[in-house]
Amino acid sequence: MVPLLAIIVAGVVLALTVPFIPILAMDMMGMLLLDRPDDVEGWFSYGKLLQWKGHDVAAAAAYRSTVKLNPHHKEAWKRIGDLLTKLGDFEGADEAYKFSV
């Protein structure tokens, strides 16, 4: 009986905590990037996480930090273009897409 109770408790704990893991990850990455502002892939990963959670403006800013550090990061330029298109800035999106090829 104890193993079944342990499984139920573990299931409840996971169900309650899993939705908060991406939020915690975003907070942790943001704090890490304060100490490592020149981390190109850190900014890119942070942008992907923000974009995944629907924070489009913040994601675009993170991708802009990526391309500021590495202007040849084509995937970051593409994602900037995608986000700007979604946000209605078609002129900015066209400019970003030029750098993504």
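Bear in mind these aren't lab numbers, they're just calculated from the coordinates by the rules spelled out. All values reported here derive from a predicted model rather than from experimental measurement. Don't worry about glycine lacking a Cβ; one is built from the backbone with ideal geometry, like all the others, and counts go over all protein chains shown.
Numbers for the structure displayed
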quantity: Sequence of THR66, THR85 once ranked by neighbouring C-beta atoms within 10 Å, starting from the fewest; calculated: THR85, THR66
quantity: Packing-based exposure ordering (other Cβ within 10 Å, fewest first) of ARG36, ARG64, ARG79; calculated: ARG36, ARG64, ARG79
quantity: Size of electric dipole in region 20-99: Cβ of Lys, Arg +1 and of Asp, Glu -1, about Cα centre, debye, nearest 20; calculated: 140 debye
quantity: Cα gyration tensor category, rounded, prolate or oblate, for region 20-99 with a/c compared to 1.5; calculated: oblate
quantity: Under-16-angstrom lysine pairs by C-alpha in region 20-99, whenever the two are 8 or more apart or on separate chains; calculated: 9
quantity: Residue order, fewest to most surrounding Cβ atoms within 10 angstrom, among ASP94, ASP38, ASP82, ASP56; calculated: ASP38, ASP94, ASP56, ASP82
